[in-house]
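For reference, the structure discussed in these notes is given below.
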Amino acid sequence: MHKLCIAMVGLPARGKSTLARRLGEGLAAEGIKAEIFNNGDVRRNLFDAESTDPDFYNPENAFGREARELICRRNMALVREWLNGGGEVAILDAANVSPSRRAMIEQNLRDWPVLFVECLNEDRLLLDASIRRKADLPEYATFTREAALENFLTRVAHYERAYRPLDREKFWLRVDSTANRILEERPCESSPYYPAIREILVNFWIKSLFLVRHGQTEFNIQGRIGGDPMLTAKGREQAGYLARRLGGENIAWVFTSTRLRSHETAAPLLARKPGAHTMAFPELDELWAGDCEGMRYSEIRENMPEVTAGRNADKYNYAYPGGESYAMLRNRVRQGLRRALFLAAGAPLVIVGHQAINRVLLTLFLRCRNEDVPYIYIPQNQYYHISMTAHRKIFERVSYETGFQAEI
Ligand code: F6P
């Protein structure tokens, strides 16, 4: 029987554990017996108190060095046991940042091919946000947030000194973990699992994404575009319905634009989900209408007929004077989606967007002709629910004003 060990590589907060989970679940969905072995779990068992001291990770600290080697060896013993039993793929989830550590893994697990998967993420915003989240780790339970953060940053600095990218190892893949992209590889073609692994790495992996449009605003009633209006009473009611409809879901993150109407729509849901995190991304702000911001469609028709004519002729590519086109939205919206998916780390998430933003978001999942994008139906009392894993692709539009029976 073919066996393989996948060993993760990368500095903290680069998305290693998320990717390890995705690989585990993706391979399992293919009927392959895969299991994750996390060095952090072994460390917390063996050296819980000692390993909270950042000096534990200092490459010059002999005690820390030996302790971390012991942890790795213990974990590899578990990997060997698993692979010698019925297991097919073992996933070693650890930083493995130094070439000497990786050589030790290749040597220790020499009965099987070892495929290293290195995660890169150079997005400062994501790094900062992920590092801030580390303050929630169980080992920092007795720390203040600031102390936990400082402690973790010192730990990261030690890892950075030891870190060398993959190079001389026999089999490896380097992945941009925010973009689902393989940047470079030394393929392990002899492994029958390799094609499945590549597929898992490059595809969207979304358990549950709820794509919502903000509730009704005064501007919507008046037929005005853009601006930063607040919700009407009806809009607030819609936000309440949404909160009730999604109340039973295990929502971990709610992402909004920077606009009031998006925040107001998310508010009742966040109130019901005190454990959920939230973040506002300017990438999710509505199509910028430039000189036409705040105008009514009817005013534009009368006073700026060339704008209406331009949009009628080619709505996807037409940019408002001083503003944006749908075509221009694509990159920033994709960046917002990538950031949201990275931070949610595989957990269910909600994005509260706008009409044009949600149209573009949807087309990042659906194949659609560009000219059709600006006409996709984005109601204010229904959300799109998207789930995309190896064997499960769901795309549904769900009404939340009706369609639910009882308070969840
Ligand atoms: O009308 C609401 C709105 O969100 C505007 O702010 C935005 O300009 C518009 O929808 C986008 O839709 P369309 O491109 O169809 O005008």
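Here are a few things to note about the model shown:
- Against the conditions (1) open to solvent by 10 Å² or more (accessible area, probe 1.4 Å); (2) within 23 Å of G24 (Cα to Cα); (3) part of a helix (DSSP H, G or I), I105 satisfies every one except (1).
- Residue in the range 259-276 that is in the same structural domain as G323 (by TED's automatic domain parsing), farther than 21 Å from P348 by Cα and under 23 Å from the mean Cα position of the chain (by Cα) present: yes
- Taking the criterion of being within 13 Å of the ligand (Cβ to nearest atom), touching a Ser or Thr at 6+ places or on another chain (Cβ under 7 Å) and assigned to a loop (DSSP other than H, G, I, E, B), the residues of the range 203-231 that qualify are H214, G215, Q216, G223, P229.
- Candidate set: the range 177-201, residues that are within 17 Å of F342 (Cα to Cα) and part of a strand (DSSP E or B); chosen: the one least open to solvent (accessible area, probe 1.4 Å): I182
- Residue within the range 26-44 that is assigned to a helix (DSSP H, G or I), open to solvent by less than 10 Å² (accessible area, probe 1.4 Å) and under 30 Å from K393 (Cβ atoms) present: yes
- A Cβ distance below 8 Å, combined with a sequence gap of six or more or placement on separate chains, defines the contacts here; from the range 370-385, residues that are of a type in the set (D, E) reach residues that are within 13 Å of the ligand (Cβ to nearest atom) in the pairs E371/D314; E371/K315; E371/Y316.
- Taken over the range 327-373, the residue count meeting the criterion of being of a type in the set (S, T, N, Q), within 16 Å of the ligand (Cβ to nearest atom) and under 27 Å from P12 (Cβ atoms) is 0.
- Residue count, the range 202-231 (criterion: touching a helix residue (DSSP H, G or I) at 6+ places or on another chain (Cβ under 6 Å) and surrounded by fewer than 19 Cβ atoms within 10 Å (Cβ to Cβ)): 4
- Flag if R168 is assigned by TED's automatic domain parsing to the domain that holds T18 and outside any loop (DSSP other than H, G, I, E, B): no
- Residues that are touching a residue at least 12 places away in the same chain (Cβ under 8 Å), surrounded by 15 or more Cβ atoms within 10 Å (Cβ to Cβ) and not in a helix (DSSP H, G or I) do not occur anywhere in the range 74-86.
- Top-ranked residue in the range 355-373 [being buried (at least 21 other Cβ atoms within 10 Å of the Cβ) and not aliphatic (A, V, I, L, M); ranked as nearest to T258 (Cα to Cα)]: N358
- Qualifying residue in the range 233-253 (condition: modelled with pLDDT of 95 or more, within 17 Å of the chain's Cα centre (by Cα) and β-branched (V, I, T)): yes
The values are calculated or read from the model by the stated rules, or taken from the named source; none is laboratory data. Predicted model only: the values in this text are computed from it and were never measured. With ideal geometry, Cβ positions are generated from the backbone for all residues, glycine too; neighbour counts draw on all protein chains shown. Heads up: the accessible areas ignore ligands, DNA and RNA and are worked out on the full protein's heavy atoms, side chains in. Shrake-Rupley method; radii C 1.70, N 1.55, O 1.52, S 1.80 Å.
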